[in-house]
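Heads up: the structure comes next, in structure tokens.
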């Protein structure tokens, strides 16, 4: 462990004072997006980085969380902060069912199967107009509130809520990786049959990771919808499915800082390149391809080489190995 | 025959024609997986390019539909060489996810590059066969749809003989079984990669050129094509051409029936519902071989 014990506190303090450095509400908006996508990318990282499977359905769980708060608010009045728990439970429940069905298969088939589940949820949301209002989406979603005592209205407030969750979840991931359960995730990723022979229930381990990841994605969605006050099925579209994967891969899978960095790059580059129109996705795709080919450990691996953050067996990105 | 039966047969015929498109798309996908063990996310983009090249060849060069379609197929097949050279061949020793993600990057590059160059507005390929009608008793198909089915079937037969009878086909089958072993016995793996991608991209482009006149074309159509391709390939079993044929025709017919009798929206999801059921029952697909977890 070469990471200075001041690195993490300094980064957190930096993140806390960051929005105070500018009064520009547009920049605040970008900060909120960054934190929400960080939470989402961190959750997908559990699947890609820790258990080593590629899920193409993650945006669907983000969408389930978003629609849960939106529908709760529409039919049952103000959901308040409790909506987050319901959204987590809802997304986690879907995650349990879908994970139970698809985790029996691994590798490319698993990726395609999650793509299939994700597309079914997307299509259903698009066509089930009675509940979801279809492609029009649900608008005028009430802001998150705590039982009438406090309401999240400004971008800064949402930023701090999301930052709190990212820091908390990041810490949980770190603690998890120090635990027996976390080590069994890595064992399953590195060699499933060896892990099984050591008494690890591979299927149950993967399912646990999948459910946690989907529940957290649901929470991210449950904040995203009231923050934007509108949700459409587009949050589950192929664009988002791919975007989250890009964040995790470009940032650095299997690490905690990587997905957060990936989310920053995603939000940052898309905004910087806004003027270039459709060219921005071309540049973004090029970046991802280059990163996959030349930096399998993600951008975080450059930082690690330079200033030696992280370390320890669990922070290593999965080593790509040739399989013939 | 009463009207109900006619309607049913008509739906099934339409489904078979759509299914043949899926077969053409999926055959390339399954070939690349079967021989090279690569899941190519960018496969649908070659379908898109086939359609757009046909459009521009007839519009800018003033070629007739058939020449334009052949030219587009050949051009996209040559692009397959380039794609393989830069995105697949250099990564052949990497983890399968690296290849999957690199092909995803290529797919995004081609979709968004296509939107940039071709424009996002839908285009329409004109074909002399689009309006001609062939009546078989009370059932009706356009000449274009007959063409899709006929050429699709012809291509599959040609491909079958290519893989079974020619030296190159035998080299491809050897590579599919064991790439390293094949290389040891003198098979030029690099050429196998090139030929496989040329065939796969050419088939996808041909599908694009054939289907183009029956629907609007737009640059994001590639993701539709690759999703259909995945459904078919997983249904039939990754790597199996017979599986792609049966899977594709089945998907086409089921979608047509669901779309005709239940709802068009549900027809889009039914394919995925089928693969989920099939994979839970037979994880390897109907005709495939895949790894099973745990």
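The values are calculated or read from the model by the stated rules, or taken from the named source; none is laboratory data. For clarity, every value in this text was computed on a predicted model and none was experimentally measured. Here Cβ is always computed from backbone atoms with ideal geometry, including for glycine, and neighbour counts include all displayed protein chains.
Quick notes
- Elements of type helices (runs of 4 or more DSSP H) in the stretch A:1-107, at least 3 residues being buried (at least 23 other Cβ atoms within 10 Å of the Cβ) and touching a residue at least 12 places away in the same chain (Cβ under 8 Å): A:25-45, A:58-76, A:82-102
- Any hit, the stretch A:309-321, residues being surrounded by 15 or more Cβ atoms within 10 Å (Cβ to Cβ), outside any loop (DSSP other than H, G, I, E, B) and either facing chain B (nearest Cβ under 7 Å) or at pLDDT 75 or above (or both): no
- Only one entry in A:132, A:125, A:114 is within 14 Å of chain B (Cβ to nearest Cβ), over 20 Å from the mean Cα position of the chain (by Cα), crowded, with 21+ Cβ neighbours inside 10 Å and at pLDDT 80 or above, namely A:125.
- For the stretch B:63-81, a tally of residues being in contact with a helix residue (DSSP H, G or I) (Cβ under 9 Å, 6 or more places away or on another chain) and surrounded by fewer than 17 Cβ atoms within 10 Å (Cβ to Cβ) returns 6.
- Residues considered: B:222, B:208. Of these, the only one that is under 28 Å from residue B:85 (Cα atoms), within 13 Å of chain A (Cβ to nearest Cβ), touching a helix residue (DSSP H, G or I) at 6+ places or on another chain (Cβ under 9 Å) and buried (at least 20 other Cβ atoms within 10 Å of the Cβ) is B:222.
- Total residues in the stretch B:255-268, condition more than 12 Å from every other protein chain (Cβ to nearest Cβ) and more than 12 Å from residue B:17 (Cα to Cα): 5
- The number of residues in the stretch A:135-150 being surrounded by fewer than 16 Cβ atoms within 10 Å (Cβ to Cβ) and out of contact with any helix residue (DSSP H, G or I) (no Cβ under 6 Å at 6 or more places or on another chain) comes to 8.
- Hey, residue B:163 in contact with a strand residue (DSSP E or B) (Cβ under 8 Å, 6 or more places away or on another chain), more than 14 Å from every other protein chain (Cβ to nearest Cβ), assigned to a helix (DSSP H, G or I) and surrounded by fewer than 22 Cβ atoms within 10 Å (Cβ to Cβ) or not: no
- Check on residue B:118, more than 9 Å from chain A (Cβ to nearest Cβ), in contact (Cβ under 8 Å) with a residue 40 or more places away in the chain and under 19 Å from the mean Cα position of the chain (by Cα): no
- Considering the stretch A:219-241, and only residues there that are within 12 Å of the chain's Cα centre (by Cα) and closer than 19 Å to residue A:115 by Cβ, the residue that is modelled with the highest pLDDT turns out to be A:221.
- Criterion (surrounded by 14 or more Cβ atoms within 10 Å (Cβ to Cβ) and not in a helix (DSSP H, G or I)) met by exactly one of B:148, B:125: B:125
- Any chance residue A:137 is out of contact with any strand residue (DSSP E or B) (no Cβ under 7 Å at 6 or more places or on another chain) and either farther than 20 Å from residue B:230 by Cβ or within 12 Å of chain B (Cβ to nearest Cβ) (or both): no
- Tally, over the stretch A:257-276, of residues that are away from chain B (no Cβ under 13 Å), modelled with pLDDT under 85 and over 30 Å from residue A:73 (Cβ atoms): 4
- The residue that is farthest from residue B:243 (Cα to Cα), among those in the stretch B:275-287 that are more than 7 Å from every other protein chain (Cβ to nearest Cβ) and either touching a helix residue (DSSP H, G or I) at 6+ places or on another chain (Cβ under 6 Å) or at pLDDT below 60 (or both), is B:278.
- You will find that of A:66, A:91, A:101, the residue that is in contact with a strand residue (DSSP E or B) (Cβ under 9 Å, 6 or more places away or on another chain) and at pLDDT 80 or above is A:66 and no other.
- Some residue of the stretch B:82-103 being assigned to a helix (DSSP H, G or I), away from chain A (no Cβ under 12 Å) and buried (at least 23 other Cβ atoms within 10 Å of the Cβ): yes
- Residues considered: B:247, B:243, B:236. Of these, the only one that is within 14 Å of another protein chain (Cβ to nearest Cβ), closer than 30 Å to residue B:5 by Cα, within 16 Å of the chain's Cα centre (by Cα) and at pLDDT below 85 is B:236.
- Any hit, the stretch A:142-156, residues being more than 15 Å from the chain's Cα centre (by Cα) and part of a helix (DSSP H, G or I): yes
- Hits in the stretch A:250-272 (condition: surrounded by fewer than 16 Cβ atoms within 10 Å (Cβ to Cβ) and either free of Cβ contacts under 8 Å to residues at least 40 places away in the same chain or within 29 Å of residue B:84 (Cβ to Cβ) (or both)): A:269, A:272
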